[in-house]
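Values quoted throughout were computed directly from the atomic coordinates according to the rules given, and no laboratory measurement underlies them. These numbers were taken from a predicted model, which means no experiment stands behind them. Cβ atoms come from the backbone with ideal geometry, glycine included; neighbour counts cover every protein chain shown.
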Amino acid sequence: MLTPEMLKAAFPALGGAEIYSEIDSTNRRALALAKEGAPNLTVVLSDSQSRGRGRAARSFFSPPGTGIYLTLLTRPRCSPEAFPRLTLLAAVAAAEAIESVADLRVGVKWVNDLWIGGRKAVGILTEGGFLPDGTPDYAVIGIGINVGKMHFPPELASIATSVANEAGVAPDRDALTLALLSRLLARLSDFPGGDYLDAYRARSILTGADVEVGRGDETFFARVTGIGDGGELLLRLPSGVSLSLSSGEIIHVTPAAPRGAG
Ligand code: BTN
């Protein structure tokens, strides 16, 4: 079992480490630490969460003994415009970490989900605080990975999966945690530079797909043409008009036709 001492020995760049068997939310704890002035690169890890937080005020299923629930507090030196791209960087780091311990291919579903075999196995929630001039003060990057064999509640059963459910065997959770931190820290040390955007584009499962988009109160259909330089989703409407989406929800995906088909 990992300890804070082990993490600090493995990653000297870490500013601090807390490990819990249960917590309400590692993001909530990291936000509290950030406001108390905790140093850059403080990590919070828990075996389970009673109130795991997802995007759009949703919850994140976080039972004990089977997942990785990790939040890294960072104090990025970047523009407000670059800040949302931390989520893309984290998605790439998590995908690479999973592929380093399991024999499967991990895709990214814009903006903050990782999919394996057509279902969600990882969720990412980045929250932040900003200085009065608008520059980022801190970011908490929360990553939840479904690792072991899992049975999901009925409302998630058709849309969620885990690394073990897809690979057939469960990778060692500690090894995956170390791989995740290693990739996250390496990529963050280059941020806002680095090749994470190209790596994200290469993994994008939405590019070429037809999607139904939810934005505010409206929904509409579009084809995804790519990921923009700001991390936004590039769309073409049935009318031919191009659109870039920096926030919104992909409600439904019709996968891209295989190359050479039709
Ligand atoms: C989503 O799918 O909408 C994002 C889910 C993010 C879940 C992770 S688990 C670790 C961290 N702590 C939280 O409360 N949420 C994030």
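Each Cα pair of the stretch 1-144 feeds into the Kirkwood radius, which the Stokes-Einstein equation turns, at 20 °C and 1.002 mPa s, into a diffusion coefficient of 137 µm²/s. The C-alpha atoms of the chain define a longest principal axis, and helix 26-35 lies at about 70 degrees to it. Just report the Cα centroid separation between the stretch 226-259 and the stretch 199-216, whole Å. Here the answer is 5 Å between Cα centres. Put simply, the Cα atoms of the stretch 201-261 extend 36, 23, 20 Å along their principal axes, the longest span coming first. Helical runs (DSSP H, four residues minimum) scored at -39500 (n - 2.57) apiece and divided by the length of the chain put the mean residue ellipticity at 222 nm at -7500 deg cm²/dmol.
Counting only residues at least eight positions apart within a chain, or on another chain, the aspartates and glutamates with an alpha carbon under 14 Å from that of Lys149 are Glu166, Asp172. Helix 173-190: angle to the longest alpha-carbon principal axis of the chain, degrees 0 to 90, nearest 10? Taking Cα atoms only, the helix is inclined about 80 degrees. When each of the peptides 189-196, 67-74 is scored by the mean number of other C-beta atoms lying within 10 Å of its residues, the order from highest to lowest reads 67-74, 189-196.
If the chain linking Lys149 and Arg105 were pulled fully straight, counting 0.36 nm for each residue of separation and taking away their Cα-Cα distance, it would gain 14.1 nm. Computed over Cα pairs, the Kirkwood radius of the stretch 88-132 leads via Stokes-Einstein (1.002 mPa s, 20 °C) to a diffusion coefficient of 189 µm² per second.
Diagonalise the Cα gyration tensor of the stretch 152-262 and give the resulting equivalent ellipsoid semi-axes, square root of 5 times each eigenvalue, largest first, whole Å. Walk me through the numbers before you get to the answer.
Details: eigenvalues 168, 92, 44 Å².
So the equivalent ellipsoid measures 29, 21, 15 Å along its semi-axes.
Can you compute the equivalent ellipsoid semi-axes for the chain, i.e. the square root of 5 times each eigenvalue of the Cα gyration tensor, sorted largest first and rounded to whole Å? Mind showing how you got there, number by number?
Values: eigenvalues 168, 101, 57 Å².
After diagonalising the Cα gyration tensor, the semi-axes are 29, 22, 17 Å.
Using a 10 Å cut-off on Cβ atoms, rank the peptides 121-127, 201-207 from the highest mean neighbour count down.
Working: 121-127: 24.1, 201-207: 18.7.
Top to bottom by mean Cβ count within 10 Å: 121-127, 201-207.
Under 21 Å of direct C-alpha separation, and excluding same-chain neighbours fewer than eight residues apart, Lys109 reaches these lysines: Lys120. Positive-end ranking of Ser79, Ala256, Ala121 along the dipole of the chain, with charges on Cβ about the Cα centre, is headed by Ala256. Under the convention that each Lys and Arg Cβ holds +1 and each Asp and Glu Cβ holds -1, the size of the dipole of the chain around its Cα centre is about 220 debye.
Positive end of the dipole of the chain (Cβ unit charges, origin at the Cα centre): among Leu237, Ala56, Gly226, the Cα lying farthest that way belongs to Leu237. Under 27 Å of direct C-alpha separation, and excluding same-chain neighbours fewer than eight residues apart, Lys8 reaches these lysines: Lys35. From largest to smallest, the equivalent ellipsoid semi-axes obtained for the stretch 1-48 from the alpha-carbon gyration tensor read 17, 16, 6 Å.
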